[in-house]
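Take a look at the structure set out below.
The values are calculated or read from the model by the stated rules, or taken from the named source; none is laboratory data. The structure displayed is predicted, hence computed values, not measured ones. Because the Cβ atoms are built from the backbone with ideal geometry, glycine has one as well, and the counts that use them run over all protein chains shown. Quick note on the areas: whole protein, heavy atoms, side chains included, nothing else; ligands and nucleic acids left out. Shrake-Rupley method; radii C 1.70, N 1.55, O 1.52, S 1.80 Å.
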Amino acid sequence: MTTTTPSLRLRARRRLAGLAAPAALVLAASLPLAAPATAAPVEPTDARAAAAPRLPATVPATVSADALPTVQVDGVVWAQVIVGKRVYVTGSFSAARPAGAARGQEETPRANLLAYDLETGELVSSWAPRLNAQGLAIAASPDGSRVYVGGDFTTANGARRERLVALDAATGALVDGFAPRVNARVRAVTAVGSAVYAGGSFTTSGGQARTRLAAFRAADGALTPWAPAADREVFAIVAPPGAGTLVVGGRFTRLGGASSYGLGAVTLASGVASPFAANKVVRNAGSNAAIYALSTDGARVYGAGYVYGPGGNLENTFAADARTGALAWVNGCRGDTYDVAPAGGVLYTVGHPHQCSAVGAFPETRPRQWQRAQAMTAAPSPRGRKNTSGAFSGRPASELLHWLPSLDVGKVTGQSQAAWAIDAADGYVVLGGEFPRVNGSAQQGLVRFRARDAAPHASGPIGYAPLAPAASVTGPGAVSLRWTSAWDRDDAVLTYEVLRASGRGPAEVVAVQDGASSWWKRPALSAEDAGAPAGEVTYRVRVSDPDGNTMTSTATTVTVAAGAPGSPEPAPTPTPTPPVAPEPPEPPVGPDPPQPPAPSSGASDAFSREAAASWGAADVGGPWSLTGPASAFAVRGGEGTITVAPRQGVEADLAGVSVQDVDASVTLSGTVGSYAALVVRRVDAGTDYRLQLRGLDDGSVGLSLRRRSGGVETVLSSTTLAPGTTGPGEALRVRVVAVGSGSSGPVTQLRAAAWPVGGASSAAPSAWALAAQDAAPELAAPGGVGVAAYRSGLVEAGATLGVDDLAVGAGTPEVLTTP
């Protein structure tokens with residue numbers, strides 16, 4: 001169930017066309033590398049066929065996830081339709097501007113309607129009709145010569161047109177003689193033969209009763225006798241070719257005189273109810289739920305819905321036989337869906353799904369993440385997948401496909417949504433809505449995607465979590481490496497090369513393997529280098545997609561010892577004991593958890609140096625190892641800083657520190673809108689414990705104790721500190737303790753707290769904010785410490801976090817006591 005109320009818009013009839021087949025995948029050529037002279041190259045551990053999801057060869061290909069430059073709008077797009085080489089758009093907006101132009105720059109007036117070129121994305125300057133209020137639905141005549149628009153308007157091009165208008169598709173002029181008078185909102189419109197059908201919330205047309213459905217002669221706009229009634233609002237209509245029916249979706253519970261819960265059909269000839277069996281399973285109606293969008297490819301009708309209270313069970317999509325209405329499949333993802341578009345055997349959708357585990361895709365995450373544009377097979381899953389939970393448990397599902405563009409939330413409607421409309425034809429998929437950014441780049445309200453064989457192939461691997469390999473020397477010339485996989489928006493399988501460098505020679509490829517991944521499932525990968533030379537050796541991981549896009553990790557350096565097998569890696573040089581860190585003030589009442597001990601064999605850093613694109617070395621604990629762009633890190637003004645862009649994650653670790661029973665604390669500032677974490681027991685790049693916090697706009701602070709194992713993150717305990725805990729620019733002292741690994745099995749006790757510093761109430765709290773225990777054996781071991789940061793994708797700008805006064809010492813059972 002969601003809490004978002006859908007806004008006012010509806011899909012129209014779509015042009016149906018298959019997408020062009022993608023070109024064959026081409027593996028990227030490696031960068032120039034020296035042939036391994038002394039290495040024993042590791043053979044690939046997985047073939048691409050083995051790494052790829054096991055789907056039959058008949059699975060259709062999606063378009064690319066490359067976002068193509070497209071004209072932008074200054075408001076919201078509610079509906080669009082592809083007609084030939086043009087895309088016609090309606091919504092609530094007053095200006096258009098070219099791709100790449102900032103808001104307010106290079107704007108061209110447009111009054112709730114525009115057209116753009118499907119192939120170039122450029123505004124059609126000669127098509128500029130005007131509506132005096134928003135348009136909500138749009139459709140083309142069967143021959144493509146007209147564009148029908150429905151909505152809230154009462155004038156078009158300055159002439160009286162009450163909520164339904166016909167426009168010349170070439171010029172934008174009003175079609176003479178077509179001027180129906182509808183007394184309330186038109187949400188849906190489609191044209192079949194010589195008639196134009198409309199649905200919405202109206203109750204009369206031309207003074208005659210028409211209860212939320214009506215039909216008009218295309219020739220002169222005259223009302224026809226066709227008059228089925230819906231007892232509540234109609235959101236969507238579609239007429240499958242040859243079926244002789246109009247399929248209707250909305251809030252209603254009765255349609256055409258028969259019981260029909262949110263979904264049904266009426267005949268085109270007389271308007272009487274026609275059976276549509278899917279409505280016995282898909283049940284969305286009333287004040288809190290509806291079937292919101294419908295489309296067809298001729299064989300099936302596809303629909304989507306929303307639920308934000310009692311009365312519904314569908315938040316995602318379904319498919320039904322176009323003639324009988326028999327349910328073909330239904331997907332039980334959570335998160336409302338607002339539009340659907342079938343093309344080339346793929347069903348594309350937009351909405352805000354946040355959990356699709358019922359159909360084998362992404363789980364619910366904390367913090368919550370949304371996949372606001374999706375692709376799935378139009379047919380039932382070729383692997384026979386069925387829903388595993390929820391209202392549709394046991395029923396056939398479609399197969400979600402690896403098409404994962406990212407859309408930022410817009411602010412136009414105030415509903416925290418991104419895309420509202422989608423259409424597909426001629427090898428293109430087009431989205432409309434209120435999103436300000438696509439795939440991290442500015443692109444407001446409209447965007448195009450194209451078939452892969454014609455796309456620019458610019459969308460490459462992404463690595464939010466550390467990709468740098470963790471390396472350990474296992475013997476003479478032997479190094480074991482482990483790293484967290486990256487992911488890609490339109491390629492499920494990526495290729496990983498382990499690069500080794502020593503001395504001044506060029507890098508060598510010592511291992512190659514393929515791995516499947518997605519943003520919610522990023523497995524840990526590993527490789528063995530059996531031919532490492534003695535001395536200091538540096539490793540990186542380079543990941544590539546089939547289009548040749550690459551990303552290379554930061555480096556990890558180890559010292560490989562010569563000697564007998566099993567010789568240990570040289571121990572680090574002992575460091576002097578630092579002075580005791582000052583303790584925070586005593587709390588006003590009650591006992592306080594013991595303060596962190598002065599780091600001795602642990603680490604400390606007051607960040608009293610200056611550094612650019614680096615953090616240098618800690619006061620105690622050795623050099624900081626950085627994951628992410630070096631430019632994100634600096635030391636200035638007595639603190640370390642981390643600058644992160646939206647959807648970017650970075651981390652700084654003291655790899656030379658290794659402590660199991662640990663008591664760590666650090667001061668963090670600038671956390672509003674960002675996630676920051678104090679990391680302990682960092683065993684490798686994907687395995688650690690961490691205290692994550694996020695400052696919210698009201699001054700509250702979200703805290704969670706988390707375990708990461710092989711890149712998979714699990715929340716062990718969480719809470720929210722009260723509003724007013726912190727404000728913009730204020731700092732928080734955070735502390736995490738991890739103690740123990742029981743004799744009968746590894747059991748770790750964890751405690752955490754956070755409190756403001758530098759203000760009137762800067763005393764440490766009198767109780768731990770979080771407590772948990774964990775039995776993960778892989779974390780019952782010594783590990784490093786670090787600080788991580790991630791900037792939410794829900795904000796448009798980056799941010800800089802401050803890090804100061806790190807103190808790491810030995811944790812003891814005594815500090816676990818909660819007063």
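Within region 55-94, track down each residue that is assigned to a strand (DSSP E or B) and under 22 Å from THR377 (Cα atoms).
Answer for region 55-94, where residues must be assigned to a strand (DSSP E or B) and under 22 Å from THR377 (Cα atoms): VAL63, VAL81, ILE82.
Taking the options TRP487, TRP519, name whichever one is buried (at least 22 other Cβ atoms within 10 Å of the Cβ), under 17 Å from ASP545 (Cβ atoms) and either touching a residue at least 24 places away in the same chain (Cβ under 8 Å) or of a type in the set (Ser, Thr, Tyr) (or both).
TRP487
Let me spell it out: the conditions are (1) in contact (Cβ under 8 Å) with a residue 12 or more places away in the chain; (2) surrounded by fewer than 24 Cβ atoms within 10 Å (Cβ to Cβ), and VAL186 meets all of them except one. Which number is the exception?
(2)
Under the condition of being basic (Lys, Arg) and in a loop (DSSP other than H, G, I, E, B), which residue from region 95-112 is least open to solvent (accessible area, probe 1.4 Å)?
ARG110
Quick one: in region 338-359, of everything that is farther than 23 Å from ARG450 by Cβ and more than 13 Å from the chain's Cα centre (by Cα), which residue is most open to solvent (accessible area, probe 1.4 Å)?
The extreme case among them is SER357.
Quick check on ALA598: is it open to solvent by 30 Å² or more (accessible area, probe 1.4 Å) and modelled with pLDDT of 90 or more?
When the stated conditions are applied, ALA598 does not pass them.
For region 347-368, which positions are over 15 Å from ALA397 (Cβ atoms) and out of contact with any His (no Cβ under 7 Å at 6 or more places or on another chain)?
TYR348, VAL350, GLY351, HIS352, HIS354, PRO363, THR365, ARG366, PRO367
One line per residue, one yes/no per condition, for (1) closer than 28 Å to PRO629 by Cα; (2) among the small types (Gly, Ala, Ser); (3) surrounded by fewer than 24 Cβ atoms within 10 Å (Cβ to Cβ):
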{"site": "SER389", "(1), (2), (3)": "no, yes, yes"}
{"site": "SER441", "(1), (2), (3)": "yes, yes, yes"}
{"site": "GLY445", "(1), (2), (3)": "no, yes, no"}
{"site": "ALA454", "(1), (2), (3)": "no, yes, yes"}
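Of all residues in region 360-380, count the ones that are buried (at least 21 other Cβ atoms within 10 Å of the Cβ) and either under 20 Å from ASP297 (Cβ atoms) or among the hydroxyl-bearing types (Ser, Thr, Tyr) (or both).
6
In region 53-60, is there at least one residue being modelled with pLDDT of 95 or more, open to solvent by less than 50 Å² (accessible area, probe 1.4 Å), out of contact with any Cys (no Cβ under 7 Å at 6 or more places or on another chain) and farther than 22 Å from GLN417 by Cβ?
Checked region 53-60: no residue is modelled with pLDDT of 95 or more, open to solvent by less than 50 Å² (accessible area, probe 1.4 Å), out of contact with any Cys (no Cβ under 7 Å at 6 or more places or on another chain) and farther than 22 Å from GLN417 by Cβ.
Can you report the number of residues in region 262-297 which are free of Cβ contacts under 8 Å to residues at least 60 places away in the same chain and aromatic (Phe, Trp, Tyr)?
1
Can you pull out every residue in region 379-434 that is β-branched (Val, Ile, Thr) and touching a residue at least 40 places away in the same chain (Cβ under 8 Å)?
Answer for region 379-434, where residues must be β-branched (Val, Ile, Thr) and touching a residue at least 40 places away in the same chain (Cβ under 8 Å): VAL409, VAL412, THR413, ILE422, VAL429, VAL430.
Taking only region 461-486 into account, find how many residues are in contact with a Lys or Arg (Cβ under 6 Å, 6 or more places away or on another chain) and part of a strand (DSSP E or B).
Total satisfying the criteria: 2.
For region 601-633, which positions are modelled with pLDDT of 90 or more, hydroxyl-bearing (Ser, Thr, Tyr) and over 28 Å from GLY798 (Cβ atoms)?
SER604
Could you grab me the full set of residues in region 113-156 that are open to solvent by 20 Å² or more (accessible area, probe 1.4 Å), assigned to a loop (DSSP other than H, G, I, E, B) and within 16 Å of SER92 (Cα to Cα)?
ALA128, ASN132, ALA133, GLN134, ASP152, THR154 - these are the residues of region 113-156 that are open to solvent by 20 Å² or more (accessible area, probe 1.4 Å), assigned to a loop (DSSP other than H, G, I, E, B) and within 16 Å of SER92 (Cα to Cα).
Would you pick out the residues in region 529-540 that are closer than 12 Å to LEU499 by Cα and open to solvent by 20 Å² or more (accessible area, probe 1.4 Å)?
If the condition is that a residue be closer than 12 Å to LEU499 by Cα and open to solvent by 20 Å² or more (accessible area, probe 1.4 Å), then THR538, ARG540 are the ones that fit.
Look at VAL512 and say whether it is of a type in the set (A, V, I, L, M, F, W, C), in contact with an Asp or Glu (Cβ under 8 Å, 6 or more places away or on another chain), open to solvent by 40 Å² or more (accessible area, probe 1.4 Å) and not in a loop (DSSP other than H, G, I, E, B).
It is true that VAL512 is of a type in the set (A, V, I, L, M, F, W, C), in contact with an Asp or Glu (Cβ under 8 Å, 6 or more places away or on another chain), open to solvent by 40 Å² or more (accessible area, probe 1.4 Å) and not in a loop (DSSP other than H, G, I, E, B).
Pairs, please: C-beta under 6 Å, at least 6 apart or cross-chain, first residue more than 22 Å from VAL165 (Cα to Cα) and in region 113-138, second of a type in the set (Phe, Trp, Tyr)?
Short answer, once both residue conditions are applied: LEU118/TYR428.
I'd like the residue in region 399-435 that is in a loop (DSSP other than H, G, I, E, B) and under 16 Å from GLY121 (Cβ atoms) and, out of all such residues, is farthest from the chain's Cα centre (by Cα).
My answer is ASP426.
Check region 217-230 and report whether any residue there is within 24 Å of ASN313 (Cα to Cα), open to solvent by less than 40 Å² (accessible area, probe 1.4 Å) and touching a residue at least 12 places away in the same chain (Cβ under 8 Å).
Yes; the residues of region 217-230 include at least one that is within 24 Å of ASN313 (Cα to Cα), open to solvent by less than 40 Å² (accessible area, probe 1.4 Å) and touching a residue at least 12 places away in the same chain (Cβ under 8 Å).
Name the one entry in SER201, SER259, SER205 that is without any contact (Cβ under 8 Å) to a residue 60 or more places away in the chain, open to solvent by 50 Å² or more (accessible area, probe 1.4 Å) and hydroxyl-bearing (Ser, Thr, Tyr).
Matching residue, one of SER201, SER259, SER205: SER259.
So which residues in region 543-552 are open to solvent by 10 Å² or more (accessible area, probe 1.4 Å) and touching a strand residue (DSSP E or B) at 6+ places or on another chain (Cβ under 8 Å)?
Those that are open to solvent by 10 Å² or more (accessible area, probe 1.4 Å) and touching a strand residue (DSSP E or B) at 6+ places or on another chain (Cβ under 8 Å): SER544, THR550, MET551, THR552.
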